[in-house]
Each structure stands twice: as structure tokens, then as C-alpha cells.
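The values are calculated or read from the model by the stated rules, or taken from the named source; none is laboratory data. None of the values given here were measured: they were computed from a predicted structure. Cβ: placed from backbone, ideal geometry, glycine included. Neighbour counts: every protein chain shown. Side chains are part of the model used for accessible areas, which takes the heavy atoms of the whole protein and leaves out ligands, DNA and RNA. Shrake-Rupley method; radii C 1.70, N 1.55, O 1.52, S 1.80 Å.
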Amino acid sequence: MRKQAVLITGASGEVGQALIRALAEDEHKRLLTLDIRPLPADLRAQVDPVEGDLLDERLLARLVSEYEIDVIYHLAALLSTRSEFTPDMAHRVNVEGTLNLLKVAAEQTEWRGRAVQFLFPSSIAIYGMPDRESKELYQRVREWEWNQPRTMYGCNKLYCELLGSYFSQNYRQLAARQPLMLDFRCVRFPGLISAFTLPAGGTSDYGPEMLHAAAQGKPYGCFVRAEARIPFMAMPDAVHALVQLAQAPRSSLSRLVYNVTSFSLSAEEIRRRVLEAFPNAQITFEPDRPREAIIDSWPADLDDSAARRDWGWSPHYDAERAFNDYLIPEIKKRYHDVQATQG
Ligand code: SER
């Protein structure tokens, strides 16, 4: 008898760790995690952890022979800056990895006669504003606008959104017997900021890096100019968005892909909020032109009205609450020793 489970790929990443903490509270769900990197010890105890490569099809076959997978949160990906340095690898992990998993979900859907739910985090990186003037003019971008990414990661995510749509609507459409389709649901995240973890290899990283550096008493050179602006979201809201979308009745969803966002801040506005909490912080602006150009190509804000309308999306943390109730107090606790020595 196979064990029923929720599969989380990329479980050791930022969203993965936060998602495990949230889902582990539900004792009825067995969590099966897959990541190349090991999970922190406290999380390992709460899940069935598998260390391995998403590209290893034999490993995936072994997992479905042991587990009946109901829901997949497919979080594994190489982020945008890292993907520019290793575009081939990014394509393999971000696209081929997703394709492997979609095939598994489609087979499992058919095999058990019930749709496997496939939750996919996409990104603001799928947008590509051609210049700063357009970004200034078109502030809150809707799902179907400006879909011309300028990064490998953005291309990968946009294509995987399409693959997900294909697998949930038209996969094997010419087969004699119409197969049952998997249930693909996707959110496009803005930059994410966690009090507990730091991102690795993204381009929105200057937000969280600025804050974590200040909390540790380390100087920070921000790699975009002061006026550069994109939307952000506190990590608990990212998890809340994924879980809320998973729980929404299919009949209420008019789209497969939804923008979600919380607050839009310039790098200078983040710096000011960080300085309020850590007045001695040394934050300078040292723009790295290629990385800044990626941020310039992402919209200043996202229109998430479809998510609000269809499944009641609403972030718990606006900028005020994100910094005052979550980020600053939790980060102060986390780096408490450094605070003490700073006086
Ligand atoms: N935070 C991601 C990155 O910067 C975007 O989704 O790559």
C-alpha cells in the first residue's frame, strides 16, 4: 500500500522551509520532501526527507512507487542572477525538472482517476519592461501584459506556466481516450523577504540582504540605485498565498496563473525602514549595472485583483506590518547576540 503524501520539491530553499513549517501543523498530511541539499535538522524530523535530483527520473519513479502523491508544491528552481551565469543548468533544472514532475503528476492523475494538484510558484521575472519610461508609465501590471522576460529564469518560469496550462488542459489531446487532467495552479511572486532565511542567487536579494546585514552590524553595498523599485512580500504571505490557492474550489478559479503581491518599495525606502530599526546600519548604493537592469525590467507593482476576486487573496502584511510586526522583531531575535555587542 502506498503512503499518501504531499510532495515539496526545493524543500531546503526559503519558501520550502517556510511551507514545511506551515503544513507540518496539519498532522493528517504526510510531507515528502525532495532537494539536493539537506534540510535543517529540525525540519527533517517533521517530513519524509529525500536528498536527490529532480532530473533523476528513476528517483521520481521510485518515489511514486512508494507514495501516492496528492499535491505537489514544485518549488525547486535556480533564481534569476544565478541562472544568468549558468543558463544551461538553469534550463535543465527550471524547465526539464518541471517537465519531469508534470509528467509524473499527469501519470498519477490517470492512474488513480483523481487529479493531482500541482502548485507552481512563478515570478515577477516573467515580465520584461523595455525601458524605465514604460516602467514609470505602467505601474501595476496585469497577468497578460509585458510577458517578455529578459532573463533565463524569467523565460524558464513563463514557459513552465505554459507547460502547466498545457498539462492541465490539452495534454495528449489527440489520444483516443481523453485522459483526466492534472490540476495546475500558479502564483507569480514579487520579491520575497524572510526574517529567518536569505535567498541564494536572486536579483531581488538586495531587499533581504540589506536588512540581514544591518541586523548583524555588517556594512552593505546595495547593487541597485536608490530609486529602483519593485514589489515585495513577507515570506509568511508567500506561504499563505500557496496554501490558500491550493484550498480554493476549482470552480472559483477563472485563471491558472495569478499575480499576488503586497507592497512596492524603492531600495531607498527599504533602506529608511532598515535604518529606523538599526540606526547604525551602513548601507550604501553601489549599483551593478547588469543586475540593476534586470530590476529595471521588472514592473514597479503587480495587479493582483484577479487573485483577490477569485480566491479571496489578501496579504496579512503590508509594508508597515511586514517590517514592524514580522521582519524587525524576528530578525532582532535571530541576531540577538550581535545586537547585544552593538549596544
Ligand atoms: N526573487 C526572484 C529572483 O530574484 C524572483 O522571483 O530571482
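Miscellaneous remarks
- Taken over segment 12-38, residues that are small (G, A, S) and touching a Lys or Arg at 6+ places or on another chain (Cβ under 9 Å) amount to 2.
Here is a yes/no grid of residues against (1) modelled with pLDDT of 95 or more; (2) open to solvent by 50 Å² or more (accessible area, probe 1.4 Å):
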{"site": "K157", "(1), (2)": "yes, no"}
{"site": "L162", "(1), (2)": "yes, yes"}
{"site": "Y166", "(1), (2)": "yes, yes"}
{"site": "Q169", "(1), (2)": "no, yes"}
{"site": "F184", "(1), (2)": "yes, no"}
{"site": "L192", "(1), (2)": "yes, no"}
{"site": "A195", "(1), (2)": "yes, no"}
{"site": "P199", "(1), (2)": "no, no"}
{"site": "H212", "(1), (2)": "yes, no"}
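- Elements of type strands (runs of 3 or more DSSP E) contained in segment 175-254, each with 3 or more residues being of a type in the set (A, V, I, L, M, F, W, C), in contact (Cβ under 8 Å) with a residue 12 or more places away in the chain and within 16 Å of the ligand (Cβ to nearest atom): 183-189, 229-234
- Each residue in segment 223-240 was checked for being over 14 Å from N259 (Cα atoms) and in contact with a Pro (Cβ under 7 Å, 6 or more places away or on another chain), and 3 of them qualify.
- The residue that is farthest from L75 (Cα to Cα), counting only those in segment 1-23 that are open to solvent by less than 30 Å² (accessible area, probe 1.4 Å) and out of contact with any helix residue (DSSP H, G or I) (no Cβ under 8 Å at 6 or more places or on another chain), is A5.
- Taking segment 26-134 as the region of interest, the strands (runs of 3 or more DSSP E) fully inside it that hold 1 or more residues being within 16 Å of the ligand (Cβ to nearest atom), in contact (Cβ under 8 Å) with a residue 60 or more places away in the chain and open to solvent by less than 60 Å² (accessible area, probe 1.4 Å) are 67-74, 117-123.
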